[in-house]
Amino acid sequence: MSYVDEVLARVKTKNAAEPEFLQAVDEVLESIRPVVEANEELYKKEAILERITEPDRQFKFRVAWVDDNGQVQVNTGYRVQFNNAIGPYKGGLRLHPSVYLGIIKFLGFEQVFKNSLTGLPIGGGKGGSDFDPKGKSDREVMAFCQSFMTELSKYIGADVDVPAGDIGTGAREIGYLYGQYKRITGLYEGVLTGKGLSYGGSLARTEATGYGLLYMTEELLKSHGQDIAGKTCVVSGAGNVAIYAIQKAHQLGAKCVTCSDSTGWIYDPEGIDVDLLKEVKEVKRARLTEYAAARPSAEYHEGRGVWSVKCDIALPCATQNELLIDDAKALVANGCIAVCEGANMPTTLDATQYLQQNGVYFVPGKAANAGGVATSALEMSQNSERLSWTFEEVDAKLNQIMVNIYHNIDDAAKRYGKEGDYVAGANIAGFEKVVDAMLAQGVC
Ligand code: NDP
Ligand code: 2IT
């Protein structure tokens, strides 16, 4: 049995109840096979694959808080510190009822390679809770965040582990978390990113993941002799990533005709009205039915369905495993030429393979959505030097980082005879840097 197969079998036995984590490990280990085969003896002796698939440590804790009726509520909090070979642990906090250890581990594992691809000194981690911010008052969200941070503060620090936003964690939650960290530790330091602009946040961090996704898409198309202007895009999600992906797509001359949330989706043939979407989702925290009610050109549909709309480019920006094999078939049948993932692992393995086999350019989330964490690292730099850069400065760096990532993953794929396979390219390029640092630092 090859070393990759041996470790895959062991990881499957050890983590049998965590299908998302197994899916992420499977994809990475399968696609780095050629690198491992070329270094099999060394990697096996050093147990590189065992070490890279086992988090450095994971915390699981009770989060008790009082709701508006005076009732005590209990949630579970998590922080998985996956790998800090190339820098302090870095990764978001997800607040969603579906959160359990397997989700946080899959996200933390992906983050290791993503953060490596940014070219910046950040290791991989992830955290969150099964708390659902939906329908909660601001006071309830604050009570949860304060209780969550009271425990989390023991494990993080500006040079140790720097959390940020993810699903359900936006500017409001980061503010409450930061306030509590400061209160407990007395430290005014860059321990979180995605902070408000009045207390150490970076300009362009809010926009960064969506903008970065479009900078990647633009470079991908350019490298294949195509122009993003004039293209029709379908987008899923209606949160932070989706909103700013749509905004940048429109600035680049493309048209996004869909978005979605957890209950339904919008088809708007005139192009999504970003200001209205922001009002509905960021300000009112309402359903997409409100978007449709305010916009005569928009149709609202219950359930899922954005991938059935004819498009040139698909941008999944909601959550994991939201683009399935039948969706991939519909995209191919409708002439889609590119899928770039704004979310983490939104496309299932069989759907990914189908898209690639049918000539669709496919850029995985760990490369395509890396602009968010890259800009978080830029926020850390600004906090360290106690300065803040202009929007244009940060945006220009973000653009350059995304262009560099595209060429790095393209080159890595070519080096191993897998031209155009950006999944392999991203995993190989991300892996190489982390392994180099692990080997240099000895057994740990
Ligand atoms: P938000 O919470 O801002 O938005 C998430 C969106 O996806 C919402 O519209 C939500 O619908 C929808 N959604 C969430 N879960 C589901 C579900 N189970 N089924 C259907 N729809 C769902 O999160 P973000 O935009 O920040 O994150 C979106 C994705 O991007 C995630 O995969 C995240 O990990 C990834 N990501 C985020 C980064 C960031 O900087 N924020 C960086 C890189 C990746 P509803 O409004 O109904 O809740
Ligand atoms: O998945 C991700 O990269 C994020 N949620 C952003 C993490 C960060 O630290 O900015």
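What follows draws every value from the coordinates through simple rules; no lab data is involved. Note that the structure is predicted; figures quoted are calculated from it, not measured. All Cβ positions, glycine included, derive from the backbone under ideal geometry; neighbour counts span all protein chains shown.
Quick notes on this one:
- Checking G128, G70 one by one, the residue that is part of a strand (DSSP E or B) and either more than 26 Å from N383 (Cβ to Cβ) or within 14 Å of ligand 1 (Cβ to nearest atom) (or both) is G128 and no other.
- Boolean, A412 is under 30 Å from Q251 (Cβ atoms), without any contact (Cβ under 8 Å) to a residue 24 or more places away in the chain and buried (at least 17 other Cβ atoms within 10 Å of the Cβ): yes
- A single entry from G170, G119, G165, G127 fulfils the requirement of being over 30 Å from Q71 (Cα atoms), touching a residue at least 12 places away in the same chain (Cβ under 8 Å) and within 16 Å of ligand 2 (Cβ to nearest atom): G119.
- Residue in segment 379-394 that is within 16 Å of ligand 2 (Cβ to nearest atom) and either surrounded by fewer than 16 Cβ atoms within 10 Å (Cβ to Cβ) or small (G, A, S) (or both) present: yes
- Verdict on A338 being in contact (Cβ under 8 Å) with a residue 60 or more places away in the chain and within 16 Å of ligand 1 (Cβ to nearest atom): no
- Taking residues in segment 249-262 that are of a type in the set (D, E, K, R), and partners anywhere that are assigned to a loop (DSSP other than H, G, I, E, B) and buried (at least 18 other Cβ atoms within 10 Å of the Cβ), the pairs with Cβ atoms closer than 9 Å and at least 6 places apart or on different chains are K255/K231; K255/I272; D261/G237; D261/A238; D261/G239; D261/L288; D261/A318.
- Complete set of residues in segment 104-146 that are crowded, with 24+ Cβ neighbours inside 10 Å and of a type in the set (K, R): K105, K114, K126
- Boolean, A254 is away from ligand 1 (no atom under 12 Å from the Cβ), closer than 23 Å to C336 by Cα and in contact with a helix residue (DSSP H, G or I) (Cβ under 9 Å, 6 or more places away or on another chain): yes
- Checking each residue of segment 373-381 against the condition of being small (G, A, S) and under 19 Å from C233 (Cα atoms) gives no match.
- In segment 40-55, the count of residues that are under 30 Å from D261 (Cβ atoms) and more than 16 Å from ligand 2 (Cβ to nearest atom) is zero.
- Of all residues in segment 304-316 being within 12 Å of S236 (Cα to Cα) and assigned to a loop (DSSP other than H, G, I, E, B), the one that is nearest to the chain's Cα centre (by Cα): P316
- Residue ranges of helices (runs of 4 or more DSSP H) in segment 12-54 with at least 2 members of a type outside the set (S, T, N, Q), touching a residue at least 24 places away in the same chain (Cβ under 8 Å) and under 18 Å from A437 (Cα atoms): 33-38, 40-45, 48-52
- Residues that are over 16 Å from I156 (Cβ atoms) and touching a residue at least 12 places away in the same chain (Cβ under 8 Å) within segment 55-72 comprise R62, A64, W65, V66, D67, D68, listed in sequence order.
- Selection over segment 317-354 of residues that are in a helix (DSSP H, G or I), among the hydrophobic types (A, V, I, L, M, F, W, C) and surrounded by fewer than 22 Cβ atoms within 10 Å (Cβ to Cβ) gives a count of 5.
- Any hit, segment 270-283, residues being touching a strand residue (DSSP E or B) at 6+ places or on another chain (Cβ under 8 Å) and more than 11 Å from ligand 1 (Cβ to nearest atom): yes
- Helices (runs of 4 or more DSSP H) completely within segment 355-444 that count 1 or more residues being over 22 Å from G91 (Cα atoms) and under 24 Å from the mean Cα position of the chain (by Cα): 391-415, 422-440
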